[in-house]
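Following: one structure in structure tokens, then a few remarks.
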Amino acid sequence: MAMARFNTQRLLWGAALVFGLLLYASPYLALLQMRQAAGVRDGAALAAWVDFPSLRASVKLGVQQRLVGPRSPGSAEPPSPARAMGAAVASALLGPMVDALITPASLARLLQGVPPASAALPRPQGSEAAVPPPRVETAMGYEHPQRFVFSIRQAGEDEEPVELVLHRQGLFGWQIAELRLP
């Protein structure tokens, strides 16, 4: 009787350990699958890993904040009227432009390390095979139990990396929901 209880406890602890490891490793596995889909230019497979409405909203917000300009911390001073008006006009044009530029193909190029400005532009047919993907430096980690950040930039570059933020979907699922531009 004591042996059966000991084996049951071992089995429960083993199952809890495996569950915890899978829970922790799930974003790493999701990124591996995303990068594989990007590497073979499988837009449909990559699109399944992306929450396009959230991603587009985050890009629009990030660009609008850049247009208004940096504000010093603790400053209650509003942006200049000219800058605010320019940002308002640009934001009216921004929506359709971001919708057109955030596609599975542009995300695939971002995941391969292509800079955001180049990744958003469509490539002519046949040019992808001629240009090898750039060497990249990556970093990844949890920002929050529900948010995982994947940073990527070209190797040897001094500019800030592009950050793709994955949000948890259920226990083990993840989707790209934010894009933080340098």
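When Leu23, Leu29 are checked against the criterion of being within 13 Å of Leu166 (Cα to Cα) and either out of contact with any Asp or Glu (no Cβ under 8 Å at 6 or more places or on another chain) or among the small types (Gly, Ala, Ser) (or both), a single residue qualifies: Leu29. Please find, within segment 170-180, the residue that is farthest from Leu23 (Cα to Cα) out of those that are in contact (Cβ under 8 Å) with a residue 40 or more places away in the chain and surrounded by fewer than 16 Cβ atoms within 10 Å (Cβ to Cβ). For segment 170-180, the residue satisfying everything is Arg180. Can you name the residue in segment 24-71 that is surrounded by fewer than 17 Cβ atoms within 10 Å (Cβ to Cβ) and polar (S, T, N, Q) and, of all such residues, is nearest to Leu93 (Cα to Cα)? By that ranking, first place goes to Gln64.
All of the numbers you see were taken from the coordinates with simple rules; none came from a lab. Keep in mind it's a predicted model, so treat the numbers as computed, not measured. Methodologically, a virtual Cβ is constructed for each residue, glycine included, from the backbone with ideal geometry; neighbour enumeration extends over all protein chains shown.
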